Structure formats: structure tokens, C-alpha cells
1. Being in contact with a helix residue (DSSP H, G or I) (Cβ under 8 Å, 6 or more places away or on another chain) and within 20 Å of residue 18 (Cα to Cα) narrows it down to one residue among 49, 38, 66, 83; which is it?
2. Being crowded, with 16+ Cβ neighbours inside 10 Å and in a loop (DSSP other than H, G, I, E, B) is the filter here, so list the residues in the range 52-67 that pass it.
């Protein structure tokens, strides 16, 4: 079963609560209603996000820490902490391996 936040595949390394990720250079986001498309033009790659994945991307663009992202996802989606942690870690790992995000300095 594929997680609800991602349509196509692209576990994050264990991250501290205050760690930040940011969109990688050359990645463009194209919102489409409740979904979104990330384009990595330098490597002809794309990934489709939906639901929680779109919200995570928006928060990453705004420079939110992982602590803030976790807190907002629990509150906004009404999910238990363990599920948020699992799905967020998986999403961040896939986006990082795909070159869509990088660790912020």
C-alpha cells in the first residue's frame, strides 16, 4: 500500500526536531488544487504529491523546522504522532534521495 501523500515513488535519515530541509536548486512546484507536482528540471524528474505531502512541501518552502511540521501535521490532519513520524520520515527520505530537497545549512 502506497502512503496517502505521494503518487509516485522517487526512510529519511533520523532527523533532529530542529533540522530543516529546503527545496533543492532547480526544483519547481506546480500546485494543482489539492495536489501538486514537483519538477526537477535539471534531471528531468517529477513527482506528484497530494494531501499531507502538499502541506509538507509548503512548510518546507517557508523554512519550517521538522518540529513545527510534525506539530502542524498532527493538528491539521488529526493523526497520531507515530503515524506522522513514519510518513514524514518516508516522504522526506524519498524527496531527498530524488534530489527534490536538501538539508538546510
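1. Details: 49 fails: within 20 Å of residue 18 (Cα to Cα); 38 fails: within 20 Å of residue 18 (Cα to Cα); 83 fails: in contact with a helix residue (DSSP H, G or I) (Cβ under 8 Å, 6 or more places away or on another chain).
Being in contact with a helix residue (DSSP H, G or I) (Cβ under 8 Å, 6 or more places away or on another chain) and within 20 Å of residue 18 (Cα to Cα) holds for just one of 49, 38, 66, 83, which is 66.
2. 64, 65
Yes or no, residue by residue, for (1) assigned to a helix (DSSP H, G or I); (2) farther than 15 Å from residue 84 by Cα; (3) modelled with pLDDT under 95:
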{"site": "1", "(1), (2), (3)": "no, yes, yes"}
{"site": "10", "(1), (2), (3)": "no, yes, yes"}
{"site": "17", "(1), (2), (3)": "no, no, yes"}
{"site": "25", "(1), (2), (3)": "no, yes, yes"}
{"site": "30", "(1), (2), (3)": "no, yes, yes"}
{"site": "37", "(1), (2), (3)": "no, yes, yes"}
{"site": "42", "(1), (2), (3)": "yes, yes, yes"}
{"site": "47", "(1), (2), (3)": "no, yes, yes"}
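The values are calculated or read from the model by the stated rules, or taken from the named source; none is laboratory data. This structure is a prediction, so every number in the text was calculated from the model and none was measured. FYI the Cβ positions are ideal-geometry reconstructions off the backbone, even for glycines, and counts take in every protein chain you see.
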